[in-house]
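Reviewing the structure listed below.
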Amino acid sequence: MKYKRKVPAVEVFQLNKDAEINASGWFARAVKKEMIYFDRCITDGAIFIYGCTINTGCGKLRAKIGDYIVKESSGEIRPYKSKDFVRIFERM
């Protein structure tokens with residue numbers, strides 16, 4: 001017999017350069033709780049976000065601009081590269 005894995009619904013935020021301004025509520029709360037840190041650089045006197053670091057029980061995971069940050073049903077937050085995200089998740 002064959003079985004198809006069922007993935008429960010998750011909350012998603014696609015990391016972008018304006019993440020501090022337009023982040024979803026759960027993502028902003030995780031930043032405030034210091035579960036997520038923005039990775040920044042200074043170029044020509046301006047500060048730019050180029051990614052984020054997510055603290056998990058398994059260590060630190062990094063995401064770059066364009067990656068998807070997923071809050072699993074268990075509450076765990078993980079990054080997914082775009083190609084992996086579209087392969088694993090489907091829009092509801």
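The values are calculated or read from the model by the stated rules, or taken from the named source; none is laboratory data. Everything numeric here is computed off the predicted structure, so don't read it as measured data. Just so you know, the surface numbers come from the protein's heavy atoms only, side chains and all, with ligands and any DNA or RNA stripped out. Shrake-Rupley method; radii C 1.70, N 1.55, O 1.52, S 1.80 Å.
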| Selection count, the range 78-92, where residues are assigned to a loop (DSSP other than H, G, I, E, B) and among the hydrophobic types (A, V, I, L, M, F, W, C) | 2
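From 90, 20, 34, 11, grab the single residue that is of a type in the set (D, E, K, R), open to solvent by 80 Å² or more (accessible area, probe 1.4 Å) and within 10 Å of the chain's Cα centre (by Cα).
From the options 90, 20, 34, 11, the qualifying one is 11.
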| query | How many residues are closer than 21 Å to residue 87 by Cα, among the charged types (D, E, K, R) and not in a loop (DSSP other than H, G, I, E, B) if we restrict to the range 23-77? | reply | 3
